[in-house]
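Here's the structure we're looking at; comments come further down.
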Amino acid sequence: MNIRKVLTTLCIIACSIIAKAQEPDGYLTTCVTNKCTRLSGWWGKSKWEKINSHELYNSGHMIESAVAHYKATGKRTFLNVAIRNADLICKTFGPAEGQIHRPSGHPIVEMALCKLYLVTNNKRDLDMARYFVEETGRGTDGHRLSEYSQDHKPILTQDEIVGHAVRAGYLYSGVADVASLTGDTAYFHALERIWDNMASKKLFITGGIGSGKSHVCRLLAKRGIRVYDCDAAAKRLMRDDAQLRQQLTELVGPRVYINKVLQKPVLTQFLLASEANKQAVNAVVHPAVARDFLESDYPWLESAILFESGFDQRIRFNRIVCVTAPTEVRVERIMKRDNISREKALAWIGCQMSQDEMVRRSNFVINNDGLTDLDDQIELLLNPK
């Protein structure tokens, strides 16, 4: 038996059956055409009644199959079915008066229309795909917006992966196709944000001296969450990283390392000499720490100088968590921990960005005043209601 010949024959028969099932206007959903009442709750009783269901979804798969069949065989029987169906979609949906002003609801037709455009060179197909992408999250017709189908807000403003995973995969793949074919870089940037949210979720913890960041990190560790300590990493890198040692030697001078051992008094003297010296050291140490964090598998990062160091600009993040405490509580903690005077503790606090400004730049606040339950706040952070 010639398997290739059998499969070819079956494809010809299948394409013929599909073509006969298509309505004169190009519509192709046999459940609706045949008035299958058993499934009307799923499909609806008339065309386009249940847009968020599977009419456009099935059209998308059908169009992709037709394009693949045409590329493999050169035969247009199935492709012509897809073209008629796409023509109907382009007539039915869009921004013009009398058209349906909605996104596809269950994506994949966006990808399919892009593939069809590459075969037919009919720009209307590409424009239709772009319309579905741009209409997502707008609610032009007043329908209820939903995270389930990523239709909760316009794609250009989305920055978090939500909803049905399959629909998300199809939608964002279609967005990528539209962006590639139109050269729209704004959609590429939106997709990068969404991808980063899904694949490399990063959370930052910050807070002023004495706020209790380390204690919060220890509580997170008990939950199995590993937090990257920027201060400890900087010390380790200045000790062990050959490139950073070379940069500091060129900046501070040859006396800053003796036999590859960091001479802290030399570095301290250089830092205290001027603000310019401090900024110069930060300019080589902070990028090294950021690079080390990105190369690690830590999902969380803790830094007391998150904003001052520019880490929030160097690394894509999902959320910034600020640990706070009243000034008097912070002063008492610092005095007890470091055995210093109240005046010196206040001076140290005054050298940092204000707590109010840190809170303003953050997405979540943990109140570590010694009275409010920290576990409850951490639970809310990890599992928002």
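A few remarks follow.
- Under the simplified labelling scheme, the ALA19-VAL6 pair shows an inter-label distance of 2.5 nm, with each label point 7 Å from Cα along Cα→Cβ.
- The relative contact order of the chain, computed from alpha carbon pairs under 8 Å that lie at least 6 residues apart in sequence, is 12 percent.
- The label-point distance for SER146 and ARG236, in a model that sets each label 7 Å from Cα toward Cβ, rounds to 4.6 nm.
- Across the stretch 84-89, coupling constants 3J(HN,Hα) worked out from phi with the 6.51/-1.76/1.60 Karplus curve, θ = phi - 60°, read 5, 5, 5, 4, 5, 4 Hz, and Gly and Pro carry x.
- Stretching LEU271 away from LEU371 to a fully extended chain increases their span by 32.2 nm, per 0.36 nm per residue minus the current alpha-carbon distance.
- Angle between the chain longest axis and helix 185-199 axis [Cα atoms, degrees, rounded to 10]: 70 degrees
- Straight-line cross-link reach from LYS278 at under 15 Å between alpha-carbon atoms covers these aspartates and glutamates, not counting any fewer than eight positions away in the same chain: GLU250, GLU308.
- Electrostatic tally near ASN34: other residues with Cβ closer than 12 Å to its Cβ, Lys and Arg +1, Asp and Glu -1, net +2.
- Local electrostatic count, LYS47, Cβ distance below 14 Å [Lys/Arg +1, Asp/Glu -1]: +1
- When the listed pairs LYS20/LYS115; LYS153/LYS235; LYS20/LYS71; LYS35/LYS91 are checked against a 32 Å cut-off, the alpha-carbon distance exceeds it for LYS153/LYS235.
- The stretch between ASN282 and ASP297 holds 3.0 nm of extra length on full extension. This uses 0.36 nm per residue minus the Cα-Cα distance.
- For Cα Rg over 2.2 N^0.38 Å, calculated from these coordinates, the label among [x] 1.50; [y] 1.03; [z] 1.41: [z]
- Fully extending the segment from ARG223 to LEU380, taken as 0.36 nm per residue of separation minus the present Cα-Cα distance, adds 55.2 nm.
A short reminder: the numbers here are calculations on the coordinates, not readings from a lab. Everything numeric here is computed off the predicted structure, so don't read it as measured data. With ideal geometry, Cβ positions are generated from the backbone for all residues, glycine too; neighbour counts draw on all protein chains shown.
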